[in-house]
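Q: This is the structure I have questions about; it appears just below.
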């Protein structure tokens with residue numbers, strides 16, 4: 001009989017792949033922002049114009065979702081590795097997940113909010 005323990009992160013291909021893909025998305029978006037900053041020395045009105053385009057808002061939102069997923073996998077693994085008490089571990093995971101959902105809603109409000 002195989003016994004599974006509740007302690008320890010679930011290391012697997014899906015989590016490994018998610019960390020790599022989200023890291024790549026974050027890196028590519030960072031490069032775009034650095035190039036825009038260095039190449040144009042953009043004043044505020046140019047930044048506002050750049051963020052006014054729907055494609056840039058979508059790219060920003062995709063990057064933010066990638067950051068949130070990247071954070072979820074990392075925090076979940078840390079919590080599972082270091083918190084032994086199941087109740088505390090569950091509470092912390094729920095707290096992290098709730099915070100990330102709130103951050104996602106906040107990102108939507110910022111990107112597509114009424115000006």
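Values in this text are rule-based calculations from the coordinates and carry no lab data. Every value quoted in this text rests on a predicted model; they were computed, and no experiment measured them. Using ideal geometry, Cβ is built from the backbone for each residue, glycine included, and neighbour counts are taken over all protein chains shown.
Q: Condition test on residue 80, is it surrounded by 11 or more Cβ atoms within 10 Å (Cβ to Cβ) and touching a residue at least 60 places away in the same chain (Cβ under 8 Å)? Steps first, please.
A: Working: surrounded by 11 or more Cβ atoms within 10 Å (Cβ to Cβ): yes; touching a residue at least 60 places away in the same chain (Cβ under 8 Å): yes.
Criteria met by residue 80.
Q: Can you name the condition, by its number, that residue 79 falls short on among (1) part of a helix (DSSP H, G or I); (2) over 24 Å from residue 105 (Cβ atoms); (3) in contact with a helix residue (DSSP H, G or I) (Cβ under 7 Å, 6 or more places away or on another chain)?
A: Only one criterion in (1) part of a helix (DSSP H, G or I); (2) over 24 Å from residue 105 (Cβ atoms); (3) in contact with a helix residue (DSSP H, G or I) (Cβ under 7 Å, 6 or more places away or on another chain) is unmet by residue 79, namely (2).
Q: Is it true that some residue in region 25-46 is surrounded by 15 or more Cβ atoms within 10 Å (Cβ to Cβ), under 30 Å from residue 90 (Cα atoms) and either without any contact (Cβ under 8 Å) to a residue 24 or more places away in the chain or touching a helix residue (DSSP H, G or I) at 6+ places or on another chain (Cβ under 9 Å) (or both)?
A: Yes: one or more hits.
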